[in-house]
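Notes to accompany the following structure.
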Amino acid sequence: MVKILKCKNKNVNGEFIDSSVLNTETYINYLNRLRQVAISQFEWINLPKSMNAEFLERCLYEFGKASLLKTESYGFINAKAVGSSDLNIYMLPSSINCFSTDSLNVNRKLYNGFKDEKTTEYDYCILVKNNQDMIPTEPTLRLFAWRLYEAERTCDVNIKSQKTPLFLVGDENLKLALKNLFEKYDGNEFVIYADKKQLGLDSLRAISTEAPFVADKIMEYKKEIWNEALTFLGINNINVEKRERLVKEEANANNELVNLNLQNRLLVRKQACVQFNELFNLIGDKAIDVRVRSDLTNAIKTFDSTASDYINKEGELNE
């Protein structure tokens, strides 16, 4: 992760410190933009008022899993989740530690479709996965944000090099004068006046860096990174111009990948809803559900393409 430079040394170049701050802000900006997209993709339906959909998606984004349970103190809630070392026959933890920043910290059995006659609904919890492997979304988006930051700042430097493609070379005693001269040059002044006695031809030289303009290529590269990040999240990112250049098979292949990436996260959320409704006997308008937000429905062909293999029309998991 990019870190802000903190230095007490007064001799450190101020411009470098400013660049370090801008580097950090650029990286954080891209990460936050991607994060907002990721945690806003799914809409939870009919969640009890005591539950919080935003916190649920944040847990899935940061930790890859969360828990749904019922407590005597709070009623229905969602919490963070850490699995036990004991695994059941499906290689899932047999119990879940459900906790939050409050005093909540309880250990519950993982509900897998069967209840012991001696247990109650307060003894179980539902495991919500971010994806099939319970991998958090954040680490991958950090990598994308880093590449976007690198491309953006490289582009900034390249554009700046077109404006000031030179080094000013002079004696040490002219350092302040050279700095003031460059600030005027960088500040878009049309005419720069200088004392010829102080800055003579023998005391001042300008060396061209001959930096080629590649910002346009870097911007295209940055778009490719952004589109790859959207594909990872399961969001259609082929613009109209690019779609016209693609053959039908290429467009369908991209749609298929987008669709699978999205449903990898949607399906496991759907499964958690089915188990939750089954455990607490919630039917009809009381049953909870999750869906892709309406603005993203065009990002997948239809949910039926994969989910119908696992969930029937009544919203129950197929045997």
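Laid out as a table, the results:
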{"item": "Test: residue in the range 113-122 that is assigned by TED's automatic domain parsing to the domain that holds K70, in a helix (DSSP H, G or I) and at pLDDT 90 or above", "result": "yes"}
{"item": "Complete set of residues in the range 57-110 that are of a type in the set (D, E) and either out of contact with any helix residue (DSSP H, G or I) (no Cβ under 8 Å at 6 or more places or on another chain) or free of Cβ contacts under 8 Å to residues at least 12 places away in the same chain (or both)", "result": "D86, D102"}
{"item": "Single unsatisfied condition, L92 versus (1) at pLDDT below 95; (2) within 22 Å of the chain's Cα centre (by Cα)", "result": "(2)"}
{"item": "Single match in T297, T302 (criterion: at pLDDT below 55 and either crowded, with 19+ Cβ neighbours inside 10 Å or under 23 Å from the mean Cα position of the chain (by Cα) (or both))", "result": "T297"}
{"item": "Residue check for A79: surrounded by 14 or more Cβ atoms within 10 Å (Cβ to Cβ) and farther than 19 Å from K109 by Cβ", "result": "no"}
{"item": "Condition met for R265 (in a helix (DSSP H, G or I), modelled with pLDDT under 60 and charged (D, E, K, R))", "result": "no"}
{"item": "Filter result for F42 (under 23 Å from the mean Cα position of the chain (by Cα), surrounded by 15 or more Cβ atoms within 10 Å (Cβ to Cβ) and either over 25 Å from L141 (Cβ atoms) or modelled with pLDDT of 90 or more (or both))", "result": "yes"}
{"item": "Filtered residues of the range 52-63 (kept if surrounded by fewer than 19 Cβ atoms within 10 Å (Cβ to Cβ) and of a type outside the set (S, T, Y))", "result": "N52, A53, E54, F55, R58, E62, F63"}
{"item": "Filter result (under 19 Å from N264 (Cβ atoms) and assigned to a loop (DSSP other than H, G, I, E, B)) within the range 56-72", "result": "G64"}
{"item": "Number of positions in the range 73-107 that are part of a strand (DSSP E or B) and either among the charged types (D, E, K, R) or within 20 Å of I288 (Cβ to Cβ) (or both)", "result": "9"}
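The values are calculated or read from the model by the stated rules, or taken from the named source; none is laboratory data. Here the structure is a predicted model, which means the values were calculated and not measured. Virtual Cβ from ideal backbone geometry, glycine too; neighbours counted across all protein chains shown.
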